[in-house]
Amino acid sequence: MYGKIMKFLDFIWSKFYLILQSKTNLMSLTKDYKISVQKCTKSNIDQVDFNNLVFGQVFSDHMFECDYKDGVWQNPTIRPYGPLSIYPSSKVFHYGQAVFEGMKAYKDDDGGVFLFRPIENLKRINKSSVRMAIPEFPEALFFDAMNQLLKLDSAWIKPGIGNSLYIRPFVIATQNGVSASPSTEYKFMIILSPAQAYYTGDVKVVIAESFSRAADGGVGFAKAAGNYGAQFYPTNLAKEKGFQQVIWTDANEHKYLEEAGTMNVFFRINDTLYTAPTNDRILDGVTRKSVIALAERAGVDVQVYRLTVDELIAAANNGSLKEIFGAGTAAVISPVSGFNYKNKTYDLPIADTTSYAARFKEELTNIQHNTSEDPFGWRYEVK
Ligand SMILES: Cc1ncc(COP(=O)(O)O)c(C=O)c1O
């Protein structure tokens, strides 16, 4: 009873704290909080083939932009999507001081527009910013900008399971100067890209034996731009060998399984679902924590556990390894059909509709598209 009361008080306090914090942020950080809106004269939507979209290639009509200068976020503006004019000496180009987020908007058959756990993305971009010495962005302004932008470009969100509008908020360091110190000026932006169901096809992965994505004390937990650029080379090597992604292992011993490409990773051994605990090397994925919640609700034994490569290989050899899948906003859930370690390839059973991957993907996408109940309160309606 006492525990329940404490939990309730904690919940009330956390809500009150968030409201208080957003108000304080606005007062102290934003000089002029009214978002100015410049609409495009002609939409580009007619030029887009929504049945043949390549992920992340086409952008909607408008974007949001807000500058940080003299210690305040200022001049929030929605304007037509287009090029930026920034100097070549801007610090982002030299020191990679940049963070980003990835989230999606969904439309139901009645035209309602929904986001999925957007507060998690705001909290995470601010966590990433703190690690990269970038000022945090105010919560109320983030939601106001998001709502206005999505309403303006709502025609770019097509209804139907699988269709979505990928949302890319990001922050770049814009101060001029090639001295290695944090920028005093930044640009926060949101751009939007229509997306279709993301079929990753047959995904086979290589388990990293020497390359690392992140190290203790580093920035792996942040969506810092450089984390991703650094993955391209080892991923290209994997592709040259016929594999699509790398499963990253810990940087110290290359013994523990951590992430799959740009996704969190799950392993099903018999009927138990394993995923690595988050730490300063691993991104605290929104899809990961949602899958854990759905699996626990379904009575699945979920172990947040540092599974080793040896344990995985033993399970593959004795037939108890049933599934591996990646979890992330872009693909939702992406089943892995095989993995390679020390030049030996291990094949997995073909994932069917009874697989955990298929079940949890369906449950998640139904919640996201407002075609099922939302028992966890994850949906956020854009109004
Ligand atoms: C490194 C990494 N891990 C995991 C994820 C999955 O996170 P989320 O489910 O929040 O998209 C992402 C994608 O954002 C990522 O970049």
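With a/c under 1.5 counting as rounded, go ahead and sort the range 178-275 into rounded, prolate or oblate using the C-alpha gyration tensor (a ≥ b ≥ c being the square roots of the eigenvalues; past the cut-off, prolate if a/b is larger than b/c, else oblate).
prolate
Return the single residue from 216, 67, 284 with maximal mean-square fluctuation; model: Gaussian network over the chain, springs between Cα atoms under 10 Å. Most flexible of the set in this elastic network: 216.
When the chain is treated as a Gaussian network with alpha carbon springs shorter than 10 Å, the biggest mean-square fluctuation among 366, 52, 227 belongs to 52.
If you roll a 1.4 Å probe over the heavy atoms of the protein chains, what accessible area per residue do you get for the chain, in Å²? Could you put the intermediate results ahead of the total?
Working: 18260 Å² over 383 residues.
The answer is 48 Å² per residue.
For the chain, the 222 nm mean residue ellipticity estimated from helices alone, with every DSSP H stretch of n ≥ 4 adding -39500 (n - 2.57) and the total spread over all residues, rounds to -9500 deg cm²/dmol. Gyration tensor over the Cα atoms of the range 71-127: the corresponding equivalent ellipsoid has semi-axes (square roots of 5 times the eigenvalues, largest first) of 29, 17, 12 Å. Mean sequence separation of contacting Cα pairs (under 8 Å, at least six apart), scaled by the length of the chain, corresponds to a relative contact order of 17 percent.
Rounded, prolate or oblate: which fits the range 70-210, taking a ≥ b ≥ c as square roots of the Cα gyration tensor eigenvalues, rounded meaning a/c under 1.5, else prolate when a/b beats b/c? Taking the square roots of the gyration eigenvalues as a ≥ b ≥ c, the range 70-210 is oblate. Beyond 25 Å in Cα-Cα separation lie the following of the pairs 69/127; 289/344; 289/361; 241/289; 123/255; 39/223: 289/344; 241/289; 123/255; 39/223. Amide H contacts of residue 303 (H built 1.01 Å from N, in plane; Pro and chain starts excluded): 273, 274, 275 sit under 5 Å, all sequence-distant by 5 or more or on other chains. Using the Cβ-Cβ distance between residue 230 and residue 253 with R0 set to 30 Å, the FRET efficiency from 1/(1 + (r/R0)^6) comes to roughly 0.95.
Between residue 237 and residue 34, the FRET efficiency estimated from the beta carbon spacing at R0 = 41 angstrom works out to 0.25. By accessible area, using a 1.4 Å probe on protein heavy atoms only, the chain has 53% of its surface on carbon and sulfur.
The values are calculated or read from the model by the stated rules, or taken from the named source; none is laboratory data. If you're wondering where the values come from, they're calculated on a predicted model, not measured in any experiment. With ideal geometry, Cβ positions are generated from the backbone for all residues, glycine too; neighbour counts draw on all protein chains shown. SASA here: full protein model, heavy atoms, side chains in, ligands and nucleic acids out. Shrake-Rupley method; radii C 1.70, N 1.55, O 1.52, S 1.80 Å.
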